[in-house]
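Q: Supplied in structure tokens, the structure appears directly below.
The values are calculated or read from the model by the stated rules, or taken from the named source; none is laboratory data. None of the values given here were measured: they were computed from a predicted structure. Using ideal geometry, Cβ is built from the backbone for each residue, glycine included, and neighbour counts are taken over all protein chains shown.
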Amino acid sequence: MSSTTKTKKTRGSSRARRTREEPRPPDLTDRMTIRERPSGPALLQQTWDKLLFMHWQVPVEALRPLIPPCLSIDTYHGAAWVGVTPFTIRDSRPSFVPPLPWLSAFHEVNVRTYVHLNGVPGVWFFSLDASSRVAVMAARTFFHLPYHTADITLEDEARRVHVRSTRRDDLPVELSATWNPYPEAHHAELGSLEFFWVERYCLYSAFENTLYRARIFHQPWPLRDVSLANYTTSLFEPLGLTVEQDKAKLLAGGPVDAEIWPVQEVATF
């Protein structure tokens, strides 16, 4: 074998390694394609309402140790984001049964960031607190998600929404927030930061060094601007993350009728 041939093969191997180490980030086509409804029956149906999307910009390097190595952190113009999202769920049920009044309605608070795998953008949840023990057990079992049982109240009076959440198990982290959604609704513009935050149609989770993905379908979010009356949380403390509390970017969302498909194994690490 000639030295020239060896050089070409070495260069080719280097390019292959770079391709594996630097996955292609999702483009607008990827972000639109993932919005299409998957084939086959969904596992769950839920209605999501009275959401408060709270987002903070954070350094990519602060998130990297918290994310499985096979996932890439999704960024908007180079910036990574974390979010806290309280909301209420109703009519939650397996797709093949009607909703049960004592099981189908509960509240949730999740802590999230945004990731992608091979160009498929999605959500990575650091934690999810729910007021339903049944929902917590089911999500842990069937979706491998880090759910915790919490005492959560959500009140909506005269267009003012107040939520308070205290985790029952593990660390007693809390959230308290009061906000006023403006009445005029809009949809996120394609390619905007709002679109990057909210138009997410799959979730990633992990269990025993295996990465899973579950598809989600709903119509585009109806969004509203927000006036925040007060807010405190300790939800970032278990992660070792710090955010500038007064720098939160805010949106209200909902309602949307969501369908959720079973998880599929997509990678190991």
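Q: What are the residues in the range 53-82 that are part of a strand (DSSP E or B), in contact (Cβ under 8 Å) with a residue 60 or more places away in the chain and surrounded by fewer than 20 Cβ atoms within 10 Å (Cβ to Cβ), if any?
A: At the first step, the residues of the range 53-82 found to be part of a strand (DSSP E or B) are 53-58, 72-73, 76, 79-82.
Among the residues that remain, those that are also in contact (Cβ under 8 Å) with a residue 60 or more places away in the chain are: 53-58, 76, 81-82.
Residues satisfying the conditions are 56, 57, 58, 76.
Q: Considering each of 207, 217 in turn, give the residue that is at pLDDT 95 or above, out of contact with any strand residue (DSSP E or B) (no Cβ under 8 Å at 6 or more places or on another chain) and under 25 Å from residue 262 (Cβ atoms).
A: On the way: 217 fails: out of contact with any strand residue (DSSP E or B) (no Cβ under 8 Å at 6 or more places or on another chain).
Testing whether each residue is at pLDDT 95 or above, out of contact with any strand residue (DSSP E or B) (no Cβ under 8 Å at 6 or more places or on another chain) and under 25 Å from residue 262 (Cβ atoms) leaves just 207.
Q: For the range 177-186, does any single residue satisfy the condition of being within 20 Å of residue 125 (Cβ to Cβ), charged (D, E, K, R), in a loop (DSSP other than H, G, I, E, B) and touching a strand residue (DSSP E or B) at 6+ places or on another chain (Cβ under 9 Å)?
A: Initially, the range 177-186 is screened for residues within 20 Å of residue 125 (Cβ to Cβ), giving 177.
Next, only the ones that are charged (D, E, K, R) stay: none.
For the range 177-186, residues within 20 Å of residue 125 (Cβ to Cβ), charged (D, E, K, R), in a loop (DSSP other than H, G, I, E, B) and touching a strand residue (DSSP E or B) at 6+ places or on another chain (Cβ under 9 Å): absent.
Q: Next up: Being aromatic (Phe, Trp, Tyr) and more than 19 Å from the chain's Cα centre (by Cα), is that true of even one residue in the range 106-128? Write out each step before concluding.
A: Residues of the range 106-128 aromatic (Phe, Trp, Tyr): 106, 114, 124-126.
Filter again for more than 19 Å from the chain's Cα centre (by Cα), leaving none.
The answer is no, given that none of the residues of the range 106-128 is aromatic (Phe, Trp, Tyr) and more than 19 Å from the chain's Cα centre (by Cα).
Q: Kindly check whether there is at least one residue in the range 210-217 that is touching a residue at least 24 places away in the same chain (Cβ under 8 Å) and either among the acidic types (Asp, Glu) or not in a strand (DSSP E or B) (or both).
A: So in the range 210-217, the residues touching a residue at least 24 places away in the same chain (Cβ under 8 Å) come out as 210-217.
Filter once more, keeping what is either among the acidic types (Asp, Glu) or not in a strand (DSSP E or B) (or both): none.
Taking every residue of the range 210-217 in turn, none turns out to be touching a residue at least 24 places away in the same chain (Cβ under 8 Å) and either among the acidic types (Asp, Glu) or not in a strand (DSSP E or B) (or both).
Q: If residue 50 satisfies all but one of (1) surrounded by 15 or more Cβ atoms within 10 Å (Cβ to Cβ); (2) at pLDDT below 95; (3) on the phi > 0 side of the Ramachandran plot, what's the number of the condition it fails?
A: Among (1) surrounded by 15 or more Cβ atoms within 10 Å (Cβ to Cβ); (2) at pLDDT below 95; (3) on the phi > 0 side of the Ramachandran plot, the lone unmet condition for residue 50 is (2).
Q: Taking the range 220-256 as the search range and keeping residues that are touching a helix residue (DSSP H, G or I) at 6+ places or on another chain (Cβ under 7 Å) and hydrophobic (A, V, I, L, M, F, W, C), which one is nearest to residue 164 (Cα to Cα)?
A: If we take residues in the range 220-256 being touching a helix residue (DSSP H, G or I) at 6+ places or on another chain (Cβ under 7 Å) and hydrophobic (A, V, I, L, M, F, W, C), then 251 is nearest to residue 164 (Cα to Cα).
Q: Taking residue 234 as meeting all but one of (1) free of Cβ contacts under 8 Å to residues at least 60 places away in the same chain; (2) polar (S, T, N, Q); (3) under 23 Å from residue 149 (Cα atoms), write down the number of the exception.
A: (1)
Q: Can you pull out every residue in the range 131-155 that is closer than 22 Å to residue 215 by Cβ and either in contact (Cβ under 8 Å) with a residue 40 or more places away in the chain or part of a loop (DSSP other than H, G, I, E, B) (or both)?
A: 135, 142, 143, 144, 145, 146
Q: Looking for something among the β-branched types (Val, Ile, Thr), touching a Ser or Thr at 6+ places or on another chain (Cβ under 6 Å) and under 30 Å from residue 38 (Cβ atoms) - is there at least one such residue anywhere in the range 227-235? First the steps, then the outcome.
A: We begin by selecting, within the range 227-235, every residue among the β-branched types (Val, Ile, Thr); these are 232-233.
Cutting the leftovers down to touching a Ser or Thr at 6+ places or on another chain (Cβ under 6 Å) gives us 232.
Subsequent filtering for residues that are under 30 Å from residue 38 (Cβ atoms) retains none.
No, the range 227-235 contains no residue that is among the β-branched types (Val, Ile, Thr), touching a Ser or Thr at 6+ places or on another chain (Cβ under 6 Å) and under 30 Å from residue 38 (Cβ atoms).
Q: Say we look at the range 232-264 and pick out the residues that are assigned to a strand (DSSP E or B) and acidic (Asp, Glu); which of these is surrounded by the most Cβ atoms within 10 Å (Cβ to Cβ)?
A: Of the residues in the range 232-264, the ones assigned to a strand (DSSP E or B) are 232-233, 249-253, 256-260, 264.
Going one step further and asking which of them are acidic (Asp, Glu), we end up with 257, 259.
Numbers: 257: 13, 259: 17.
My answer is 259.
Q: Something else: Check 267, 206, 229 and return the single one that is buried (at least 18 other Cβ atoms within 10 Å of the Cβ), assigned to a strand (DSSP E or B) and either more than 16 Å from the chain's Cα centre (by Cα) or not aromatic (Phe, Trp, Tyr) (or both).
A: Working: 267 fails: buried (at least 18 other Cβ atoms within 10 Å of the Cβ); 229 fails: buried (at least 18 other Cβ atoms within 10 Å of the Cβ).
From the options 267, 206, 229, the qualifying one is 206.
Q: Do we have any residue at all in the range 110-120 that's part of a loop (DSSP other than H, G, I, E, B), in contact (Cβ under 8 Å) with a residue 40 or more places away in the chain and farther than 23 Å from residue 238 by Cβ? Explain how you work it out, then say what you get.
A: Step one: filter the range 110-120 for residues part of a loop (DSSP other than H, G, I, E, B), giving 118-119.
Going one step further and asking which of them are in contact (Cβ under 8 Å) with a residue 40 or more places away in the chain, we end up with 118-119.
If we keep only those that are farther than 23 Å from residue 238 by Cβ as well, we get 118-119.
Yes.
Q: In addition: Out of all the residues in the range 132-150, is one or more surrounded by fewer than 22 Cβ atoms within 10 Å (Cβ to Cβ), on the phi > 0 side of the Ramachandran plot and under 18 Å from the mean Cα position of the chain (by Cα)?
A: Yes, there is a match, as at least one residue in the range 132-150 is surrounded by fewer than 22 Cβ atoms within 10 Å (Cβ to Cβ), on the phi > 0 side of the Ramachandran plot and under 18 Å from the mean Cα position of the chain (by Cα).
Q: Go over the candidates 189, 244, 194 one by one and state the one that is in contact (Cβ under 8 Å) with a residue 60 or more places away in the chain and out of contact with any Gly (no Cβ under 8 Å at 6 or more places or on another chain). It would help to see each step written out before you state the result.
A: On the way: 189 fails: in contact (Cβ under 8 Å) with a residue 60 or more places away in the chain; 194 fails: in contact (Cβ under 8 Å) with a residue 60 or more places away in the chain.
Result: 244 is the single residue among 189, 244, 194 that is in contact (Cβ under 8 Å) with a residue 60 or more places away in the chain and out of contact with any Gly (no Cβ under 8 Å at 6 or more places or on another chain).
Q: Out of 29, 88, which single residue is in a helix (DSSP H, G or I) and modelled with pLDDT of 95 or more?
A: Values: 88 fails: in a helix (DSSP H, G or I).
Residue meeting the stated conditions: 29.
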